[in-house]
Amino acid sequence: MGSEFFLNSLLWWQWGILAAIPPAILLLYFLKLKRRPLEVPSTFLWMRAIEDLHVNSIWQRLRQNLLLFLQLLFIALLALALLRPGWQGTRLDGERFILLLDTSASMQATDVTENRLAAAKQDCLNLIDAMESGAVAMIISFSDVARVEQTFTDNKNILRAKVKAIESTNRLSDLEEALRAASGLANPGRSSNTEDKQDLQVAEAMPATLYIFSDGGFREIPNFALGNLEPKYVRAGSETPQNVAITSFSTSRNPDHPQKLQTFARIENFGTEKIECSASLYLNGTLLDAQQVSIPPREKQSAGASGVQFEMDDEDEGVLKLEIDVKDDFSLDNAAYTVLNIQRPARVLVVSPSMSKSMRLALSTDEATKVAQISYETPAFMESKGYQEGSSSGLYDLIMYDRCVPPAPPQANTLFIGRVPNFPDWTAKEQPAREKQGAPSIYNIDNVHPLTQLVDMPNVIIVDALDVTPPKGGMSLIDANIGSLLSITPRQSFEDAVLGFELVTTADDGTDKPTTDWSRRRSFPVFFMNALKYLGGVSLQANLSGVRPGEPYPIRTLVPVDRVRVKPPQGGRELEVLRETQQAITFTQTEDLGVYEVREGTGSQLSQQFAVNLFDARESDLLPAENIEIGHASVEKEVKQGRDAVRKELWKWIVMLGLGIVLLEWYIYNKRVYV
Amino acid sequence: MTTGERITTLLSPQLLAQLERLELVSRKIFRGRMKGERRSNRKGQSVEFADFRNYVPGDDLRFIDWNLYARLDRLFLKLFLEEEDLHFYALIDCSDSMTFGEPSKLQFAKQLAASLGFIGLCRADRVKIEALGTSRSKPAPVLRGRASLWRMLEYLDQIESGANVPLLQSVKDFVLCNSGKGIVVLLTDLMDKAGYEAAINYLLTRQMDVYVIHVLAPEELDPELTGDLKLVDCEDGDIAEITMSRPLLDRYKRTLAAFIEGAREYCTRRGMNYLTTSTAVPVEQIVSSYLRKKGLVR
């Protein structure tokens, strides 16, 4: 019954009465046509006046009976209103809505008409249309960042325009920031001390319904309290999306044949069918090699995966592109890029009163000379103009201070050996007095951190050591009974590593005497190699495929220029990025996938390139989530978007129209505007 | 109704005093039948000198200017202007349609005819006021001299409406019966379904100086009718069904204006004088102002 267009609201005899009204009106009209006779001197002029009216008499008759037609129309409208025309519509309950629209890369999937974002936007527009008048809504678009597109307003036109203006991004998704933005008004802040009995809400809570238009391709958010937000999840995407994705792509030197390069890629199948496809490798647009890959289908939550490996001759520089020729619902992850840049050796300065032989040895291995350009100076050099300019302009990637401290923090990563830096964080009052505490015994080394990776120090004898427990923000890499032996602390965009013991000590006679037997261990050169690679920034350059869309990319320049120009993969205008008193220039506009070209200063020489790839299994996995986890709540997908089914009826409008017609009739009757 | 009352209803004493100073003017020169007070450009016997001309044998010796003969030794004849009377006709349409209005159009026409007739009587003109449609057996009296005022008013008083003779027919009768030339004033509402043009043309055939005074009642000029009406023509019972509305009223007024303008143009083209007047306008004003401008009186 509810879905029918008409709804009868009268009984048959009532309809009979209604049906009798039009004939009655007609009858009254015929009866009414009794004209008052009036004698006039002559009908001569009157006849002439109405003469031309008789020419189109049908129309005249119609016009003369305008009132009759209006009355009949009114009755017809009344009958129509009594039929209660209407349709099955929906109504949104609630007064405040927060609409979260996912704009992450996966929303570009074309498994639904046009794409998921378009479908989600349409859902969103439908929802705005269904809002009761007076209800307010706010629009937030989110990928890995959230953006408030529109603050609370009841103007549906603005809301519609804002929704329509939302565009997709290539970024990953993260709901948390969007949720925080959304909960700002719904859950007003409290004082941070929850134990405080005086803790009062600073503003009145405004409960809102939170609509999340997404495919659910984001991680769970365990530590979020929804509070006054009532979440609803409007799922975008079909049940069986097909997607094959390159989820990683990297290049390295073949350890067996150093003159050869190896390229690895991992291809995952998120669909339900086995996929046979070919993967083609291009160097600077020229096809190098191709392989046939067979990728098994997904099994429940885990995607089917297959690896491809290419061997190629050493290339100094170039852009490698891997492409798979499958037609799936998501094209962004069907190609991946990696860049072979000329490896720039790290510029390293070692300041030491007397260079120990073991240290010099560790820094002059073949491997070390390949990755770093090392210069050695005595502490007296720190007074010179050359040092001051070099250390403040970012000339050095890494400065090692052996048993000495610089007058001011340099614009470089540092490694302090046997001394604690005199930087503000370290000299703060709450810092313990750094005094030698005798022989420590090491009980833990962080094997994960790149600086201490593969550094094994069993039974290393250390004569005397300082506790170098780092200030807030730092982390200890080597823990000993006296505290920390090696710690690393961030400073601006740099890192300061502090080793708590001297390698050698200068005796009274001027000769160096070792204070540890670490230099005889294999871990000693490994540590210095790690230091060169990690603190010298070499490892970062080697990390060729680490940039994801939207992530900032630090550009290390060959020469200390104050600006670089970056050409995005889609071409177009070069973007100029200025150095901001940092060692590296940070480029943030990495929205597009592909290879970015970097030119230094004002030169036209291509200095380096970097690639931005999606490489995110969560985005590539197009299967929309059945529910999303927010805090302790699991939000099921909405079947009907949580709207109450309601019959939308027209009768009010019809009756209003009828009243308008009655008014018009009254006006015509009084003014006699017709002939 | 006594004669005095008639005078006051048709012509008030003030009006009479005003009219005494006026005279009827004709732009055309007519030969009168009798000597009157009116100069004619015909040479004749009067005291008013006009011109000299050479004597030709057979001329009346009485008119030779002997003084001139004495001086010039040539015979000249003295010419004098002839003084003649003027024929003045007032034709009153007395169809039923003239009974409308307050005062009725007929009454108004009578007043106007009386006024003009009185002027003519004062100037010793030959005045004949005739109701159109009157039978030939009872012709209207021909009046002359102030003393005939009473007769004229008596005749006017007995004129009644009801003679619904077509305008053409009545004018034709008038023209056939009255051969004299002079001024004709036609007082009518021109409401003849057959058209007024032929009737007016008849008047022209006598080469008379024709004045058409179109008398309309305020009810005709600006009808105040409302509702659904069945208009009945008082003369022929013709029926027009109308539903009054502003557009229809506008249309009627446009038709009336076109009708008046058509009549004016028709008359002007044929050398006739045409004047529309409403019965609401006082007769004094029409005579002393409008007709003076038209040149009928001076």
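Annotations
- Which listed residue, of B:260, B:242, B:200, is within 12 Å of another protein chain (Cβ to nearest Cβ) and either surrounded by 18 or more Cβ atoms within 10 Å (Cβ to Cβ) or small (Gly, Ala, Ser) (or both): B:242
- Counting only residues that are at pLDDT below 85 and more than 27 Å from residue A:392 (Cβ to Cβ), the stretch A:484-504 holds 0 of them.
- Inside the stretch A:647-675, residues that are modelled with pLDDT under 90, exposed (fewer than 15 other Cβ atoms within 10 Å of the Cβ) and away from chain B (no Cβ under 14 Å) make up a count of 4.
- Count of the stretch A:126-151 residues which are touching a strand residue (DSSP E or B) at 6+ places or on another chain (Cβ under 6 Å) and either β-branched (Val, Ile, Thr) or surrounded by fewer than 16 Cβ atoms within 10 Å (Cβ to Cβ) (or both): 5
- The set of residues in the stretch A:144-163 being in contact (Cβ under 8 Å) with a residue 24 or more places away in the chain and farther than 11 Å from residue A:101 by Cα consists of A:144, A:145, A:152, A:156, A:159, A:160.
- Per-region count, the stretch A:71-91, residues in contact with a Ser or Thr (Cβ under 8 Å, 6 or more places away or on another chain) and buried (at least 16 other Cβ atoms within 10 Å of the Cβ): 3
- The residue list A:93, A:102, A:123 contains one member that is under 17 Å from residue A:234 (Cα atoms), in contact with a strand residue (DSSP E or B) (Cβ under 7 Å, 6 or more places away or on another chain) and at pLDDT below 85, which is A:93.
- Scanning the stretch B:169-195 for residues that are in contact (Cβ under 8 Å) with a residue 60 or more places away in the chain and at positive phi yields B:182, B:190.
- Candidates B:175, B:185, B:165 - the one that is more than 14 Å from chain A (Cβ to nearest Cβ), in contact with a strand residue (DSSP E or B) (Cβ under 7 Å, 6 or more places away or on another chain) and either more than 16 Å from residue B:95 (Cα to Cα) or assigned to a loop (DSSP other than H, G, I, E, B) (or both): B:185
- For the stretch B:97-119, residues that are within 14 Å of another protein chain (Cβ to nearest Cβ), crowded, with 24+ Cβ neighbours inside 10 Å and closer than 15 Å to residue B:283 by Cβ total 4.
- The stretch B:217-232 - residue that is more than 9 Å from chain A (Cβ to nearest Cβ) and modelled with pLDDT of 85 or more and, of those, farthest from residue B:172 (Cα to Cα): B:222
Residue-wise test of (1) crowded, with 19+ Cβ neighbours inside 10 Å; (2) charged (D, E, K, R); (3) farther than 22 Å from residue A:533 by Cβ.
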| residue | (1), (2), (3) |
| --- | --- |
| A:413 | yes, no, no |
| A:422 | no, no, yes |
| A:444 | no, no, yes |
| A:453 | no, no, no |
| A:471 | no, no, yes |
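- Within the stretch B:83-96, tally of residues that are away from chain A (no Cβ under 14 Å) and either among the hydroxyl-bearing types (Ser, Thr, Tyr) or under 21 Å from residue B:177 (Cβ atoms) (or both): 8
- Strands (runs of 3 or more DSSP E) enclosed by the stretch A:554-628 - at least 1 residues per element that are in contact (Cβ under 8 Å) with a residue 40 or more places away in the chain and more than 26 Å from residue A:491 (Cβ to Cβ): A:594-600, A:606-612
- Unmet requirement for residue B:260, which otherwise passes all of (1) out of contact with any Ser or Thr (no Cβ under 8 Å at 6 or more places or on another chain); (2) assigned to a helix (DSSP H, G or I): (1)
- From the options B:122, B:94, residue that is crowded, with 22+ Cβ neighbours inside 10 Å and touching a residue at least 12 places away in the same chain (Cβ under 8 Å): B:94
- Scanning the stretch A:537-568 for residues that are surrounded by fewer than 18 Cβ atoms within 10 Å (Cβ to Cβ), under 29 Å from residue A:619 (Cα atoms) and either at pLDDT 70 or above or touching a Phe, Trp or Tyr at 6+ places or on another chain (Cβ under 7 Å) (or both) yields a total of 4.
- Selection within the stretch A:181-215 - closer than 30 Å to residue A:330 by Cα and at pLDDT 85 or above: A:210, A:211, A:212, A:213, A:214, A:215
- Residue selected from the stretch B:246-257 under the condition surrounded by fewer than 16 Cβ atoms within 10 Å (Cβ to Cβ) and within 7 Å of another protein chain (Cβ to nearest Cβ), by the criterion farthest from residue A:669 (Cα to Cα): B:247
- Any hit, the stretch A:159-175, residues being over 26 Å from residue A:245 (Cβ atoms), in contact with a Phe, Trp or Tyr (Cβ under 6 Å, 6 or more places away or on another chain) and buried (at least 22 other Cβ atoms within 10 Å of the Cβ): no
- Residue check for residue B:148: surrounded by 22 or more Cβ atoms within 10 Å (Cβ to Cβ), among the small types (Gly, Ala, Ser) and assigned to a helix (DSSP H, G or I): no
- Entirely in the stretch A:411-512, the strands (runs of 3 or more DSSP E) that have 2 or more residues that are under 38 Å from the mean Cα position of the chain (by Cα): A:413-417, A:442-445, A:475-480, A:483-491, A:494-499
- Applying the set (1) exposed (fewer than 11 other Cβ atoms within 10 Å of the Cβ); (2) more than 30 Å from residue B:237 (Cα to Cα); (3) modelled with pLDDT under 80; (4) among the aliphatic types (A, V, I, L, M) to residue A:7 leaves exactly one unmet item: (1).
- Residue B:42 being assigned to a loop (DSSP other than H, G, I, E, B) and either under 30 Å from residue B:164 (Cα atoms) or at pLDDT below 80 (or both): no
- Boolean, residue B:235 is modelled with pLDDT under 90, in a helix (DSSP H, G or I), over 16 Å from the mean Cα position of the chain (by Cα) and within 14 Å of chain A (Cβ to nearest Cβ): no
- Within the stretch B:131-145, one or more residues are buried (at least 24 other Cβ atoms within 10 Å of the Cβ) and either in contact with a helix residue (DSSP H, G or I) (Cβ under 7 Å, 6 or more places away or on another chain) or more than 14 Å from chain A (Cβ to nearest Cβ) (or both).
The values are calculated or read from the model by the stated rules, or taken from the named source; none is laboratory data. Treat the numbers as computed from the prediction; the structure is a model and nothing was measured. Note that we place each Cβ from the backbone using ideal geometry, even for glycine, and neighbour counts take in every protein chain shown.
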